[in-house]
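Every number in this text was worked out from the coordinates using simple rules, so none of it is lab data. What you see is a predicted model, and the numbers here were worked out from it, not measured in a lab. Here the Cβ positions follow ideal geometry from the backbone for every residue, glycine too, while neighbour counts run over all protein chains shown.
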């Protein structure tokens, strides 16, 4: 289908982009690569009156490294991460996940920040970056604030990001050399949105034992501590109100398979 | 209407477009470059795959107005490309198409595989083709055609 009519602006700076959002009070949407929003526009599921393009803004492509973390600009693409063109503080988790997002033609344009802000519960970064313990920085006329990826989603396609805020970067903590991770997803077809996602991260030097169950109806379920370890205590899953037995089975399976891969 | 400047197959193009116009429709209906096919219109089938700034991209979920300054190459712009000539011959020899609807997008993806993954095995080629749907061939001929080009370029 063709999208409903919308207007398009490509502001010259981040400040101008934020000002446009504030001016349009929730009727505007930010667009970077448009690889998730595009389908929703074409299917007329999303009908914003204005799209604010940010893909061209150089400040959203910055990459900064510190002793404890790497901060990646929101407009870095999945393909850049897949190809190792961006420093990876996770011992391979980021490129592993990136390569399995949709298809190469999508990864060439789709961005890490766009995927998070779009907040599809089945999208890979929503789960993988919660597993990695990452946070995002959002910018508004009131300044900057940080939100943990694990707490970003309020529900499907709903985040804590305000209507006049733009997600500008993602900060991913460095894992130690002894860290081990696994990431397993069930897709009915290669590249399709996941039916269920399971991830496990164990980093003894940083005291991390964490598991993530994603592609739920909303935010990923993050299990910390002993609940996250092989033979996972899945009680937390049932506490999260997943009552469809088919879905439960899939979540149990991805979690078990992710845990088995860590143990192996 | 928005004015957009881009290069299409090496030629500078300036046009006024409605912001909602898909790049695929712009190429087909305004520039009459009908080699780019439109299938699912939500980024899944790969029929509309073109090259933007040297990389394969979906022209159905990319809007023309957002291509300011971009260099777009369609299947028409790859006529004289040596790898594409090679792929066309291999596609014919290996029966890598029947109806041909997916073929323009398939060829753009195939060219990317040949350039980016010279050591790809058949499993990787299939994985890379997962974003281009073909409902005629069952992919056997397409994988063989790409294999042939990969192997010939090595020897």
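Counting only alpha carbon atoms, the long axis of helix A:14-24 and the longest principal axis of chain A meet at about 80°.
For the protein assembly as shown, the square roots a ≥ b ≥ c of the C-alpha gyration tensor eigenvalues yield an a/c of 1.5 or more together with a/b not exceeding b/c, which makes the shape oblate.
Considering only A:103, A:184, A:246, the mean-square fluctuation computed in a Gaussian network model of chain A, springs between alpha carbons under 10 angstrom, is largest for A:246. Remark: segment B:1-136 is approximated by an ellipsoid whose semi-axes, taken from the C-alpha gyration tensor as √(5λ), come to 26, 15, 13 Å, largest first. Available extension along the chain between residue A:154 and residue A:142 is 2.2 nm, counting 0.36 nm per residue and deducting the alpha carbon span. In segment A:58-173, Cα pairs under 8 Å separated by at least six residues give a relative contact order of 28 percent. Computed from Cα positions, the angle between helix B:103-116 and the longest principal axis of chain B comes to roughly 70 degrees. Once you've got the GNM for chain A with C-alpha springs shorter than 10 Å, pick whichever of A:127, A:36, A:13 has the biggest mean-square fluctuation. Ranking A:127, A:36, A:13 by mean-square fluctuation puts A:13 first. In plain terms, the chain from residue A:12 to residue A:47 could stretch by 10.2 nm, reckoned as 0.36 nm per residue minus the Cα-Cα distance.
The gain in end-to-end length when the residue B:121 to residue B:98 segment is fully stretched comes to 5.9 nm, 0.36 nm per residue minus the alpha carbon separation.
Between 0 and 90 degrees, the angle of helix A:245-263 with respect to the longest Cα principal axis of chain A falls at about 70 degrees.
A Förster radius of 60 Å, combined with the Cβ-Cβ distance separating residue B:16 from residue A:260, puts the computed FRET efficiency at roughly 0.55. Sorted ascending by nearby beta carbons within 10 Å, beginning with the fewest, B:31, A:51 become B:31, A:51.
Take each peptide in A:206-212, A:115-121, count the other Cβ atoms within 10 Å of every residue, and average; sorted highest first, the result is A:115-121, A:206-212. Compare A:152, A:94, A:57 in a GNM of chain A, Cα atoms joined below 10 Å, and give the one with the largest fluctuation. Largest GNM mean-square fluctuation: A:57.
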